[in-house]
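Take a look at the structure set out below.
The values are calculated or read from the model by the stated rules, or taken from the named source; none is laboratory data. This one's a predicted model, so the numbers in the text were calculated from it and none came from an experiment. Please note: Cβ atoms are built from the backbone with ideal geometry, for glycine as well, and neighbour counts cover all protein chains shown. Just the protein is used for accessible areas: all its heavy atoms, side chains included, with ligands, DNA and RNA removed. Shrake-Rupley method; radii C 1.70, N 1.55, O 1.52, S 1.80 Å.
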Amino acid sequence: IMKRESLNIGKAFRNATSESVDYLGLKMPKNNNIQNIFAHHRQLLPVGEHTPYVAYDSFIAPNAMISGRVGLLESSSVWYGAVVRGDEKNMIRVGFCSNIQDNAVLTTVSELKSGFPPDILIGKMCNINQGALLTSCFIGDMCTIGQGAVVAEGAVVEHGKL
């Protein structure tokens, strides 16, 4: 009886372990080829009582992250590896048909010495190219921020500028 019970316990343990490994996406396929699986993490992360607003037709890449007081308006997109990080006091708004491309980072500071609000406001039809860093700034409509550009605190980019 003891041997049979120990076998049942061992079988139950193996099944439970197998199910947890499958849940984590670590199950090996039958032909032992390694599968490429996206990392599953939270794309939308609330900060305090502020949850990001995402329009129904916006696109967020699987490994992008949006947190805090962030608003993505219609047809906007956040691409692979990008981070859009608003906090409890300051907000980030991405306008209609604008996109935040790969590995770009948008963040705010707690306050600006000029007295202006330390938010990030991005107008409509803007392109924030790969690797750009934006901190508490205003980007007008139809602007393109270049690859690897740094737009510092309090900066204003006028409408239609490259």
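What to note about this one:
- Taken over region 46-91, the criterion of being among the polar types (S, T, N, Q), touching a strand residue (DSSP E or B) at 6+ places or on another chain (Cβ under 8 Å) and closer than 15 Å to Cys126 by Cα is satisfied by Ser58, Ser76, Ser77.
- Look at region 73-97: where a residue is without any contact (Cβ under 8 Å) to a residue 60 or more places away in the chain and closer than 16 Å to Glu49 by Cβ and a partner is of a type in the set (A, V, I, L, M, F, W, C) and part of a loop (DSSP other than H, G, I, E, B), sitting 6+ places away or on another chain with Cβ atoms under 9 Å, you get Asn90/Val109.
- Each residue in region 114-140 was checked for being touching a residue at least 40 places away in the same chain (Cβ under 8 Å) and out of contact with any Ser or Thr (no Cβ under 9 Å at 6 or more places or on another chain), and 1 of them qualify.
- Matching residues, region 82-108, being farther than 16 Å from Val157 by Cβ and out of contact with any Gly (no Cβ under 9 Å at 6 or more places or on another chain): Ala82, Val83, Lys89, Cys97
- The criterion of at least 2 residues that are open to solvent by less than 30 Å² (accessible area, probe 1.4 Å) and within 18 Å of Gln43 (Cα to Cα) is met by the following strands (runs of 3 or more DSSP E) wholly inside region 58-160: 65-67, 70-72, 92-94, 105-107.
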